[in-house]
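To start, the structure itself, in structure tokens.
The values are calculated or read from the model by the stated rules, or taken from the named source; none is laboratory data. In this text the structure is predicted, and so the values were computed from the model without any measurement. Note that we place each Cβ from the backbone using ideal geometry, even for glycine, and neighbour counts take in every protein chain shown. Accessible surface is based on the protein model in full, side chains and every heavy atom, while ligands, DNA and RNA are left aside. Shrake-Rupley method; radii C 1.70, N 1.55, O 1.52, S 1.80 Å.
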Amino acid sequence: MEVILTVEHLRKHFSAEPVLTDVSFQLRAGDKAGLVGPNGCGKTTLLNILAGREESEKGSIEKSGSISIGYLEQRPDNSSGLSILDEAKLALAPLLEMQHEAEKLAHQLAETKDETELAKLAARYDHIHEALLRHDAYHLDHRIEKILHGVGFLDDELSKPVAALSGGELNRLSLAKLLLAEPDIMLLDEPSNHLDLLATEWLENFLRETAAAVILVSHDRYFLDRVTNRTFELFHGTIDDYPGNFTKYTTLKEERLAVQVRTYEKYTEEVEKAKEFIRRNHYGMKAAQAEDRRKKLDRLLETPAELPRSIESPPMHFNKPSRTGDIVFRCENLSKGFAAGKPLFKELTFDIERGQRWAILGPNGCGKTTLLKCLLRELEPDDGRIVHGQGLNVGYFDQQLHVLDDSLQVVEAIRPKSKKIFEEPARRNLLGAFGLTGDQQLQTVGSLSGGQRCRAALALLSAEDANVLILDEPTNHLDLWARSALEKAVRDYEGTVIFISHDRYFVDRTADHLLIIQPDARFKILEGNYTSFRYMVSKGLISDPFLTNAAADRKAAAGTGKAMISAIKQTSAKPEKTKQKVSVPPQTPPPSAAVRSSGGKTTGSSTDKNTGKNMAKNREKNNAPRKFPYRKVSDIEEEIFARETQIMAWNEDLLRPDIIRDSERVRQIHLDIQAEQETIATLYEHWEEASARNG
């Protein structure tokens, strides 16, 4: 691939120590490069220099031809008097001007009779027409709406004034403008901040498929894995280049580091041996040999071996916990809400056993933190009950970090109330294990950065010797190496862990059970991790909690625009009963059956009287004439599953750029989906009849 950007020997100081000492790399067309490094290593500074926002003290940046570079604004301006839609259009201003010129030329061509003038106008029109075709500029309105929907804006928000947007909304709008402009090189600094999961996955797909080259800074390792094909490691002011995504980088990093350590150790050994020989034989019979060794030593010192590029993860750990009962938490028919008639969750029934690691998943606002506070007995549930097991000592990590006193020195702030004797040397060692060293331990909590406060709160949690950890977004503000250390600490911990995290990689590496809050305020329990969850969703075995009705419209709009939204609204106008059953897998009873997903608890009638009524109803149904021919319930369920899987495959197709551009193909897929949904609705009626007669 063609090299489109060459960076050589960049250097930048902000204080006595340089941030960038000798940064050199090349970027090829289509590269998707992750820029990684510990906090404070200069990643944002490098992006600012590449974007021309800061000057380097030394070095050069060469672009190939007319290559354009776009940079994601982290603090965009909200002084615009325009709406979201009109502001987004500014990113395509040159193409919109060309459109207007093409329209003007078309009118002139229709009215001009002079042959010479006609030839000039026709040549100009052809030139503009080819440029518009090359940039797919005849579908700009669809392109604008698709990207705005993709980053999370709904149709009824597009007329909202920019001046009224929150900081997160402004960042999403800036991201949309950059994606619309689609420069040859995109510089993205934490682009998934302020995006929900649906928008994050949409952005991952967009960046993978765009022809633009990308340099991406992100703490989201799952995002890096899905998008990047190269990794630039920035450390000690220089860059090491690795092929592959973040996971591949970590593997290659270990191998490369092992070679660097061996090389450096061998170099150090040779230097020490030469010095020792010279010291012993400077005078005497071996003086000539000593002089040869001195020359060799000079050559060694002129070209020293590089120090190993070892980025140390803090050795985080949680103390060995005391034993609890086998059942840590038992929740029975738990419900909680704050608005009348709108529960956050309802009928939650599950047991958490000793040593398990549970992640709670669900969209923002679904009640995840509220559930944690119910478990902690900080909030009372509206219905149901929570039973605590024997011997619980619960440690809570609050994402707002309220557990720390801002006025105290860090070394004092991590002293737990439960420990009367906890000497300062032990507290200092503990802080060092969580990456806070030296003078950082003597700073007040209020003067720490977000990442440092997070580490201090985790150190306090470790000091409490809890046997149950409840963690609310523990990876916030942590760099990649600290997150990796926390993952290991959680995996090695022998107690019970319940946590909320938007870090999909963290969930993947630590969780063995998932509690998934569904859009209907009910829930699913899944043994496994985030990969297990996405697999189950992709196969239609469980519904996606992040696809609320509004989110579904966004997904549809991001894929195919207004036509798709209209088609989906028409085809989804089914009875509520049908919509609830769409995600039922084969061999699994639908939600209307007695056994529910809430831990396998039976919700059917428990009295003889009700049982008799149910039996009478079943006899009436069995005596009624059949609407459908006889089929086994399991056969019907298997057919439903197969057809729903096909619909999911078609919906994935509707997100592919090559299909989006083929309007006839899009129309045919919509027709196929509509026909399949009608067949599935009939199959559910057949299933109900077969279940009733067989029951």
Any hit, the range 165-172, residues being closer than 30 Å to Thr6 by Cα and touching a residue at least 40 places away in the same chain (Cβ under 8 Å): yes
Hits in the range 229-265 (condition: more than 25 Å from Gly40 (Cβ to Cβ) and in contact with a Leu (Cβ under 6 Å, 6 or more places away or on another chain)): none
Within the range 505-518, tally of residues that are open to solvent by less than 10 Å² (accessible area, probe 1.4 Å) and not in a strand (DSSP E or B): 3
Subset of the range 442-478 (residues that are polar (S, T, N, Q) and open to solvent by less than 10 Å² (accessible area, probe 1.4 Å)): Ser462, Asn467, Thr475
Selection count, the range 499-549, where residues are of a type in the set (A, V, I, L, M), at pLDDT 90 or above and under 18 Å from the mean Cα position of the chain (by Cα): 5
Residue check, Leu198 over 30 Å from Ile49 (Cα atoms) and open to solvent by 30 Å² or more (accessible area, probe 1.4 Å): no
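Would you mind stating whether Leu471 is at pLDDT 90 or above and not in a helix (DSSP H, G or I)?
yes
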Only listed residue being of a type in the set (Asp, Glu) and either out of contact with any strand residue (DSSP E or B) (no Cβ under 6 Å at 6 or more places or on another chain) or open to solvent by 30 Å² or more (accessible area, probe 1.4 Å) (or both), chosen from Asp189, Asp220: Asp220
Which numbered condition Glu494 fails, given (1) open to solvent by less than 30 Å² (accessible area, probe 1.4 Å); (2) more than 25 Å from Asp225 (Cβ to Cβ); (3) modelled with pLDDT of 90 or more; (4) assigned to a loop (DSSP other than H, G, I, E, B): (1)
Residue list for the range 284-337, filter: touching a strand residue (DSSP E or B) at 6+ places or on another chain (Cβ under 7 Å), of a type in the set (D, E, K, R) and over 30 Å from Leu376 (Cα atoms): Arg309
Qualifying residue in the range 447-464 (condition: in contact with a Lys or Arg (Cβ under 6 Å, 6 or more places away or on another chain) and either over 16 Å from Val410 (Cβ atoms) or among the polar types (S, T, N, Q) (or both)): no
Residue match in the range 79-86 (condition: assigned to a strand (DSSP E or B) and of a type outside the set (Phe, Trp, Tyr)): yes
Pair list, Cβ < 7 Å and 6+ apart or interchain, from the range 275-300 residues that are in contact (Cβ under 8 Å) with a residue 24 or more places away in the chain and surrounded by 13 or more Cβ atoms within 10 Å (Cβ to Cβ) to residues that are assigned to a helix (DSSP H, G or I) and of a type in the set (D, E, K, R): Leu297/Lys275; Leu300/Glu270
Some residue of the range 56-78 being assigned to a helix (DSSP H, G or I) and either exposed (fewer than 14 other Cβ atoms within 10 Å of the Cβ) or modelled with pLDDT of 85 or more (or both): no
Residue in the range 4-14 that is open to solvent by less than 30 Å² (accessible area, probe 1.4 Å) and in a loop (DSSP other than H, G, I, E, B) present: no
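Considering only the range 226-244, how many residues are over 16 Å from Ile311 (Cα atoms), in contact (Cβ under 8 Å) with a residue 24 or more places away in the chain and open to solvent by 40 Å² or more (accessible area, probe 1.4 Å)?
Total satisfying the criteria: 1.
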Criterion violated by Thr602 - all others in (1) open to solvent by less than 70 Å² (accessible area, probe 1.4 Å); (2) at pLDDT below 80; (3) under 26 Å from Arg522 (Cα atoms) satisfied: (1)
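Could you pull out the residue among Ala123, Ala119, Ala93, Ala102 that is of a type in the set (Gly, Ala, Ser), touching a helix residue (DSSP H, G or I) at 6+ places or on another chain (Cβ under 6 Å) and in a helix (DSSP H, G or I)?
Numbers: Ala123 fails: touching a helix residue (DSSP H, G or I) at 6+ places or on another chain (Cβ under 6 Å); Ala119 fails: touching a helix residue (DSSP H, G or I) at 6+ places or on another chain (Cβ under 6 Å); Ala93 fails: touching a helix residue (DSSP H, G or I) at 6+ places or on another chain (Cβ under 6 Å).
Criteria check complete, one pass: Ala102.
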Selected residue [in a helix (DSSP H, G or I) and either among the small types (Gly, Ala, Ser) or surrounded by 15 or more Cβ atoms within 10 Å (Cβ to Cβ) (or both)] from Val261, Val271: Val271
